[in-house]
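Some notes on the structure that comes next.
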Amino acid sequence: MAHGVKYAVQFVGYSARVLKKGRQDELAMLDFISGCTSLHSDDGWVGARDRIHLASLVESIPELASELRQTMLHDRQEKEERVQSKIATASWVTLARGEYELHLSRGADVDKFCRQITTCFLEVRDILEQAEKIGTGIKRRPYMEYIDGIAQSGVAAVEYFGLAELVEGRLIFHPDYDVLFIKQPTPDTCTTPS
């Protein structure tokens, strides 16, 4: 990111990743195939069917916090039973409600998670709207062509389209096309620890 720029959006493949200077992980993501939009916190993430439903999800966070606390409490009790039975436990607790999902790491602070998601939304809502406009204007190859290419060669050709930086409330897009080839692992190339 350029000096003085606090937020940027990377357009990679069929998605847009919202980044914040000084933070290693993305704040939010738009998926241009499914339409899904997600917000990320230190301990989890929330996803909605689209950017519009994301606003509804964030508005309902206060009501969902109570349900999430109950789910976490119930999950802790089940985890204790599974540990005693030596059954593996997942590292996430998931709460799915209609058009959206919440994913929270086990043992996380629900109130902190809810505050971070709400703060994140307030920071990026205008950025997401602008990123959606830029991202839908990018000419990409058909998604099925991308998938077929992986199936045929075992290599994913992931396209990078550029970076948009937030300057005075407006995303300025800097196109910069590149392709990264990623070989898909096959069972015979994976190693198993002995």
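The values are calculated or read from the model by the stated rules, or taken from the named source; none is laboratory data. These numbers come from a predicted model, not from an experiment. We place every Cβ from the backbone using ideal geometry, glycine too, and count neighbours over all the protein chains shown.
Per-residue answers, yes or no, for (1) modelled with pLDDT under 95; (2) among the hydroxyl-bearing types (Ser, Thr, Tyr); (3) under 19 Å from the mean Cα position of the chain (by Cα):
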{"position": "Arg97", "(1), (2), (3)": "yes, no, yes"}
{"position": "Gly107", "(1), (2), (3)": "yes, no, no"}
{"position": "Val110", "(1), (2), (3)": "yes, no, yes"}
{"position": "Phe113", "(1), (2), (3)": "yes, no, yes"}
{"position": "Leu128", "(1), (2), (3)": "no, no, yes"}
{"position": "Ala156", "(1), (2), (3)": "yes, no, no"}
{"position": "Tyr177", "(1), (2), (3)": "no, yes, no"}
So, in region 38-57, of the ones that are touching a residue at least 60 places away in the same chain (Cβ under 8 Å) and closer than 15 Å to Arg125 by Cβ, which residue ends up farthest from the chain's Cα centre (by Cα)? Ala55
Considering residues of region 122-141 that are over 17 Å from Met29 (Cβ atoms) and among the basic types (Lys, Arg) only, the residue surrounded by the most Cβ atoms within 10 Å (Cβ to Cβ): Arg141
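Regarding region 71-80, can at least one residue be identified that is surrounded by fewer than 14 Cβ atoms within 10 Å (Cβ to Cβ), free of Cβ contacts under 8 Å to residues at least 60 places away in the same chain, part of a helix (DSSP H, G or I) and basic (Lys, Arg)?
Initially, region 71-80 is screened for residues surrounded by fewer than 14 Cβ atoms within 10 Å (Cβ to Cβ), giving 73-74, 76-78, 80.
Checking which are free of Cβ contacts under 8 Å to residues at least 60 places away in the same chain leaves us with 73-74, 76-78, 80.
Applying the additional criterion that residues be part of a helix (DSSP H, G or I) yields 73-74, 76-78, 80.
Next cut, basic (Lys, Arg) only: 76.
So far as region 71-80 goes, yes, one or more of its residues are surrounded by fewer than 14 Cβ atoms within 10 Å (Cβ to Cβ), free of Cβ contacts under 8 Å to residues at least 60 places away in the same chain, part of a helix (DSSP H, G or I) and basic (Lys, Arg).
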If you take the residues of region 95-121 that are β-branched (Val, Ile, Thr) and surrounded by fewer than 18 Cβ atoms within 10 Å (Cβ to Cβ), which of them is farthest from Ile52 (Cα to Cα)? Thr119
Looking only at region 15-37, count every residue that is assigned to a loop (DSSP other than H, G, I, E, B), under 13 Å from the mean Cα position of the chain (by Cα) and within 26 Å of Gly149 (Cα to Cα) and tell me the total. 4
Within region 34-42, is there a residue that is at pLDDT 95 or above, crowded, with 17+ Cβ neighbours inside 10 Å, out of contact with any Phe, Trp or Tyr (no Cβ under 9 Å at 6 or more places or on another chain) and among the β-branched types (Val, Ile, Thr)? yes
Just the residues that are more than 19 Å from Ala131 (Cα to Cα) and among the polar types (S, T, N, Q), please, taken from region 27-55. Ser41
